[in-house]
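Here the structure is laid out as structure tokens; the discussion comes afterwards.
The values are calculated or read from the model by the stated rules, or taken from the named source; none is laboratory data. Fair warning: this is a prediction, and the values are worked out from it, not measured in the lab. All Cβ positions, even for glycine, are placed from backbone atoms using ideal geometry, and neighbour counts span all protein chains on display.
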Amino acid sequence: MFKWTLQMQIDNGQLDEDHRKLISIANRVLELNRPNRDVEEIKLVIRELYDYVKYHFSREENLMRELNYPEIADHHKKHQAIVADMNHYLTSSHHMNDILSNFRGLVDKWVINHIMEEDEKIRRFMESKPSASK
Ligand SMILES: [Fe+2]
């Protein structure tokens, strides 16, 4: 199972809540991927993950705008790459088996690594500007 850890804490607020929610949706996919799995049900939850990722990225980018975060363009590109990657995997439904066998690695890359490497930079930026961290 995927786990949200303190190392992933960014704002002690909305972003962390979103990240926790992404991890819990991804865990539902893992739970559903069992013997006699229902592929249609799994597809629905993967779709939910995809939709929530997009929703979350726009919220995160709004926050970056409010903060005048200097690396927003670069961060936006990284979000776009993740969405394109997800789109690629999720729209080729005949690759469901491949998706599921790689799912852990994909979520590590799409969610966990992104939080710990890219979103972590937002945390450091907020920390350097205490007045803007609210
Ligand atoms: Fe991000």
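Quick check, is residue 81 within 24 Å of residue 2 (Cβ to Cβ), modelled with pLDDT of 95 or more and of a type in the set (A, V, I, L, M)?
Values: within 24 Å of residue 2 (Cβ to Cβ): yes; modelled with pLDDT of 95 or more: yes; of a type in the set (A, V, I, L, M): yes.
Here the answer is yes, as residue 81 does meet what is asked.
So, in the stretch 66-80, exactly how many residues are in a helix (DSSP H, G or I) and over 18 Å from residue 105 (Cβ atoms)?
Going through the stretch 66-80, the residues in a helix (DSSP H, G or I) turn out to be 66, 72-80.
Adding the requirement that they be over 18 Å from residue 105 (Cβ atoms) leaves 66, 72-77, 79-80.
Residues that pass the stated criteria total 9.
Which residue is farthest from the chain's Cα centre (by Cα), if the candidates are limited to the stretch 6-65 and must be polar (S, T, N, Q) and assigned to a loop (DSSP other than H, G, I, E, B)?
Looking at the filtered set, the residue picked out is 36.
Would you point out which residue out of 33, 68, 62 is surrounded by 15 or more Cβ atoms within 10 Å (Cβ to Cβ) and among the polar types (S, T, N, Q)? Spell out the reasoning first.
Details: 68 fails: surrounded by 15 or more Cβ atoms within 10 Å (Cβ to Cβ); 62 fails: surrounded by 15 or more Cβ atoms within 10 Å (Cβ to Cβ).
When all the criteria are applied, what remains is 33.
If you check 106, 44, which single one turns out to be within 19 Å of residue 3 (Cβ to Cβ) and among the aliphatic types (A, V, I, L, M)?
Numbers: 44 fails: within 19 Å of residue 3 (Cβ to Cβ).
On inspection, the qualifying residue turns out to be 106.
Among the residues in the stretch 28-37, are any more than 11 Å from the ligand (Cβ to nearest atom) and under 21 Å from residue 10 (Cβ atoms)? Explain how you work it out, then say what you get.
First, the residues of the stretch 28-37 that are more than 11 Å from the ligand (Cβ to nearest atom): 28-37.
Now restrict to residues that are under 21 Å from residue 10 (Cβ atoms): none.
Checked the stretch 28-37: no residue is more than 11 Å from the ligand (Cβ to nearest atom) and under 21 Å from residue 10 (Cβ atoms).
Here is a list: 63, 49. Which entry is over 20 Å from residue 4 (Cα atoms) and either among the hydrophobic types (A, V, I, L, M, F, W, C) or more than 16 Å from the ligand (Cβ to nearest atom) (or both)? Reasoning before the result, please.
Details: 49 fails: over 20 Å from residue 4 (Cα atoms).
Exactly one of 63, 49 is over 20 Å from residue 4 (Cα atoms) and either among the hydrophobic types (A, V, I, L, M, F, W, C) or more than 16 Å from the ligand (Cβ to nearest atom) (or both), namely 63.
Take the residues in the stretch 72-115 that are surrounded by fewer than 14 Cβ atoms within 10 Å (Cβ to Cβ) and among the hydrophobic types (A, V, I, L, M, F, W, C), then tell me which one is farthest from the ligand (Cβ to nearest atom).
My answer is 84.
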